[in-house]
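Only one structure is covered here, and it is reproduced in the block below.
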Amino acid sequence: MTIEHLAPARVATIRDAAHALQTAEELAREFARGAGKRDRDRRLPYDEIRRLANSGLLTITVPREYGGPGLPPSVVAEVFRRIARADPNIAQIPHSHFVYANLVRVAASPQQQADLFGKVLEGKLFANAQSERGGKTIKDISTTLTATPEGRLSLTGAKYYCTGTLFADIIPVLARLEDPRGTSGLREGEQIVFIPAISDGVSILDDWDGVGQRLTASGTILFDQIDVDPDWVVARHEAFDQPNGYGAFAQLLHASIDVGIARAALEDAAEFVRTKSRPWFEAEVGQAVDDPLVIQRFGELSVTLTAAEAVLELAGRSVDEVFANPADQTAARASLDVAAAKVLGERASVELASALFEVSGTRSAASCEHLDRHWRNARTHTLHDPIRWKYQHLGRFVLTGQTPPRHGTI
């Protein structure tokens with residue numbers, strides 16, 4: 001398959017939060033129109049991602065001192081929620097773009113920030129090459145960044161679940177530096193290597209076959225002795241050495257996607273009941289919207305969604321606070337609030353996407369309606385970072401005051 005790299009000729013300038021949200025809403029209306037058909041036909045959203053890049057939304061976290069609007073996490077989360085409500089595939093594709101732009105903010109040198117933020121302002125899209133298979137846990141990394149005796153760097157390895165890479169211009173790769181002679185001048189251990197997607201030796205495979213989020217291009221990448229620019233290597237530990245909300249921000253965006261799916265499922269269910277469902281005969285009413293049991297169930301689902309949206313908003317404000325005032329207390333609060341948002345977002349998305357069929361009736365299960373995509377997308381996306389561990393961190397804090405660890409999933 002031909003890889004299409006997105007290098008917009010003209011990237012719009014996002015002025016402020018209101019402009020970002022207006023732009024997201026306009027794009028969401030556009031993206032929603034073809035979401036079901038794209039999913040059915042597995043048509044990867046190249047045109048839609050190009051529209052997203054051209055809109056300027058990929059630049060909204062670039063700090064003001066580097067020419068961006070420097071918008072806070074709560075605004076980014078709301079942008080994600082609105083896009084996910086239209087098509088959660090398109091929302092998930094740039095997730096890693098914002099996470100790694102945040103890594104640049106908290107861990108890169110001033111020169112690296114100027115260079116990489118400059119690429120973002122040009123409309124370049126970052127992707128993700130982090131996860132691997134075969135290790136005992138996801139923390140086991142075998143991809144290596146090897147330093148030669150002359151100090152050159154070479155990258156070799158294989159990555160999986162590499163969301164968005166078919167659309168990307170630059171791929172941040174998690175690798176383990178091997179430099180026994182110390183010739184690179186870098187610290188041994190985990191590094192994030194920013195690689196141009198068109199580099200010689202990079203093979204991006206379109207082999208993602210998930211039941212949901214089918215259009216995120218979350219496939220495989222192979223790296224075969226890639227020459228690495230040392231100026232584009234950022235030490236990963238820098239993101240976790242200080243209480244900066246790095247993990248909370250990443251998780252906030254995941255929760256936003258889940259909540260967006262839940263809202264879309266409820267709205268599609270309501271529209272189906274209004275226009276296509278028949279009432280159950282025992283209700284003795286003329287139309288499905290007057291069935292008291294259907295009304296009751298919609299009320300229950302509305303409460304579930306309202307709770308998830310409210311806690312998502314709370315979590316966004318908490319992450320704003322730790323970005324503005326990095327400290328142990330604000331970082332812990334942000335992680336805990338985002339954990340609660342992640343729990344409620346998962347509950348809402350999976351429950352509402354399933355209840356859609358319950359309230360809409362047999363006709364809603366027809367494949368031509370494309371309504372099953374909500375459940376498939378919710379069930380697939382919510383497999384990120386299991387909520388059973390969110391409960392653990394929340395419970396430990398309540399009982400003993402133990403604060404969450406600093407890593408990328410809390």
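Some notes on this structure:
- Phi-based couplings in Hz for segment 382-394 (Karplus 6.51, -1.76, 1.60; Gly and Pro marked x): 6, 6, 5, 6, x, 6, 4, 7, 5, 4, 4, 5, 5
- Estimated from helical segments only, the mean residue ellipticity of the chain at 222 nm is -16000 deg cm²/dmol, where each DSSP H run of four or more residues counts as -39500 (n - 2.57).
- Sorted ascending by nearby beta carbons within 10 Å, beginning with the fewest, I221, I198 become I198, I221.
- Cβ-based net charge around L301, under 13 Å, with every Lys or Arg adding one and every Asp or Glu removing one: -3
- Overall form of segment 1-122 per C-alpha gyration tensor (a/c, 1.5; a/b vs b/c): prolate
- Local charge for T382 was computed over the other residues whose Cβ lies under 14 Å away, with Lys and Arg +1 and Asp and Glu -1, and equals +2.
- Ranked T156, T400, T148, T23, criterion: other C-beta atoms within 10 Å, fewest first: T400, T148, T156, T23
- Shape category assigned to the chain from the gyration tensor of Cα positions, a/c cut at 1.5: prolate
- Remark: R263, R81 ranked as R263, R81, counting other beta-carbon atoms within 10 Å and listing the fewest first.
- Rounded if a/c under 1.5, otherwise prolate or oblate - segment 230-379, Cα gyration tensor axes: prolate
- Taking 1.002 mPa s as the viscosity and 20 °C as the temperature, the Stokes-Einstein diffusion coefficient of segment 72-168 based on its alpha-carbon Kirkwood radius rounds to 137 µm²/s.
- Charge tally for E132 (other residues, Cβ to Cβ under 12 Å; Lys, Arg +1; Asp, Glu -1): +4.
Any read-out appearing in this document is the output of simple, stated calculations on the displayed coordinates, not a laboratory observation. Model, not experiment: these values are computed from the prediction. Cβ sites come from the backbone with ideal geometry, for glycine too, and all protein chains shown count toward neighbours.
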